Amino acid sequence: MRLARHAGWVSSRAAMVLLVLCLTSSLAAFDIRSAVSPEITANPIQVVFWVKPGVTPEDETRVLADIQTGIQLLEDVATSHIAFEVVDVVHSQTLPPVLLSQILIIVGNAADLTSGGASFPVSGNPGRWFGAVADNEDILMVNVAAHEIGHTIGLMHSTIAFPTFSTDLPVMHFAIAGQSVGQLQPDDVAALSVAYPDPVLPPGAVFGSIRGRIVESLGNEVSGVNIIAVDTTTGLPVVARLSGSHQPPGTYEIPGLPPGSYDVMFLDGHSYVGSFVGFNVALGLGGGFQADNFDTFTIDAVPVVVGEATDLGDATIEIHAVSIDAVHEGPLSTFLPLDLQPIGARPPDALQFETYEVWLNILGGLRDLTADFSGLPAGMSSQIAVDPRSANGGVHGKHFARLHGVPTETGVFDVQISVEDARGVVETVAVDLKVSACLGDANFDATVDFADLLTIIGQWGSDDVAADIDGDGVVTFGDVLVVFGVWGACPPPGGA
């Protein structure tokens, strides 16, 4: 760690660091959620350890050593000036006094910690790490420390992640447990170097960059595209950035690239998992991310030269028309898995007076989307919803039309969904929602009898929704078999 040996560094370089940071503050902002102020980072950031009761001396020694090794990984980035200094290790039952300008690291046993995460900087002050687990030796604490302390100085999760890549992932990837111990990746180095550049060896003296802008065919800028530079020699990902993240809409710059040749991938929200807060304060999966709405592509063999930015200019993508291709039946939330099935002829049928919920997967449209709904049966509600699962398991930019409630009337309802995208383009899709008193009731009289058979025969071979009992889109003998299997009066609501 940078401690006493940097006493001269503090006095001789602080003014120079302040000048560099002031000149690059706008550039630094796009790489990180929020920055620690230049006044603080001009000197090593002070670190205070709070070791909670119950931590054994052996665990404390091991964990503190691993954390300091993780800190050293950040300090060893030659093109960044960031440095840290441990000023106190406090053993206390209660929170010790800590200055806002200091990083507090809480060390405790798993049962005594409420969180293992870290906070971002606020008002120029660094964040805090709320839980370094001391009583679990299986945790790769060196990597975890570099990751969480990275958050305290503003670094966000990398968008080089599963499922696109499974090896050589950055320390700032959201799931760090499986990575090689004690090694930063180029994406980590780029983030630190741009956010906190070294005044003597700035990133431009070692690296080059790739920049450009993404627009769609109507001329609108497209933010929220995941752009990854992949080394053409090794096939490994190097640095990734999202278009429009702390940049003008649709623009991007991929910094920290060693000289060489790169295949530049333009991907959507399916290409990575993990929380990313580059567009808004929320950790959710909306906020301008693109998904399910354009054909991903790659620009091959882009050259990079030290100190220069290779400008790819405008890349034009075609935003797909709005449509609905699949449906999830039942509730969907942070802890409930997504089970998308092809929608077929229509959404699943509803039963009168019974709870109904479907999530219709929306393709197309420049994200974010809004919508107006009409034609729903009484008792039903609707809204556009982004993926409600956690950012570590959902899809950034995925949108659904959610229909839910307890329908109180029967019939076939022509539900119109008028979707407006971020360009102001409005497209309408329609789905037929059938509500009956029970399965097999083709004429909606709450009884399954010969009248329903006559309805089926009268629509034989057609796609009539009322007569299509089994939901396969065609009225055939299969619907007759269903009717015979449920013959009789519909049960009363609730099965009473």
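Just so it is clear, none of the values below were taken in a lab; they were calculated from the coordinates. Small disclaimer: the values here were computed from a predicted structure and weren't measured. Glycine also receives a Cβ, built like all others from the backbone with ideal geometry; neighbour counts cover every protein chain displayed.
Quick notes on this structure:
- Extension gain, His270 back to Ala110 (0.36 nm per residue minus Cα-Cα distance, nm): 54.3 nm
- Cα-centred dipole magnitude for region 320-436, charges only on beta-carbon of K, R (+1) and D, E (-1), debye, nearest 20: 260
- Region 212-278 and region 375-437: distance between their alpha carbon centers, rounded to Å: 31
- Net lengthening on full extension, Phe484/Ile299 (0.36 nm per residue, minus Cα-Cα): 60.7 nm
- The label-point distance for Ala345 and Glu318, in a model that sets each label 7 Å from Cα toward Cβ, rounds to 3.2 nm.
- Answer label, with Rg and Dmax of the Cα atoms in Å calculated from the coordinates and candidates (i) 24.2, 86; (ii) 58.4, 217; (iii) 28.3, 96: (iii)
- Phe450 versus Glu329: modelled label distance in nm, points set 7 Å from Cα along the beta carbon direction: 3.2
- For Ser119, Ser80, order by how many other beta-carbon atoms lie within 10 Å, fewest first: Ser119, Ser80
- Its DSSP H runs of at least 4 residues, each contributing -39,500 (n - 2.57), put the calculated 222 nm mean residue ellipticity of the chain at -5500 deg cm²/dmol, to the nearest 500.
- Whole-number percent relative contact order across region 142-203, with pairs defined as alpha carbons under 8 Å at least 6 apart: 31
- Packing around the peptides 37-45, 481-489, taken as the average count of other Cβ atoms within 10 Å per residue, puts them in this order, highest first: 37-45, 481-489.
- Relative contact order (%) - criterion: Cα under 8 Å, at least six apart; region: the chain: 11
- The length gained on full extension between Val426 and Asp76, counted as 0.36 nm times the residue separation minus their Cα-Cα distance, comes to 120.8 nm.
- Karplus-derived 3J(HN,Hα), 6.51/-1.76/1.60, for each residue of region 432-444, Hz, glycine and proline x: 8, 10, 9, 10, 10, 6, 6, 4, x, 7, 6, 10, 6
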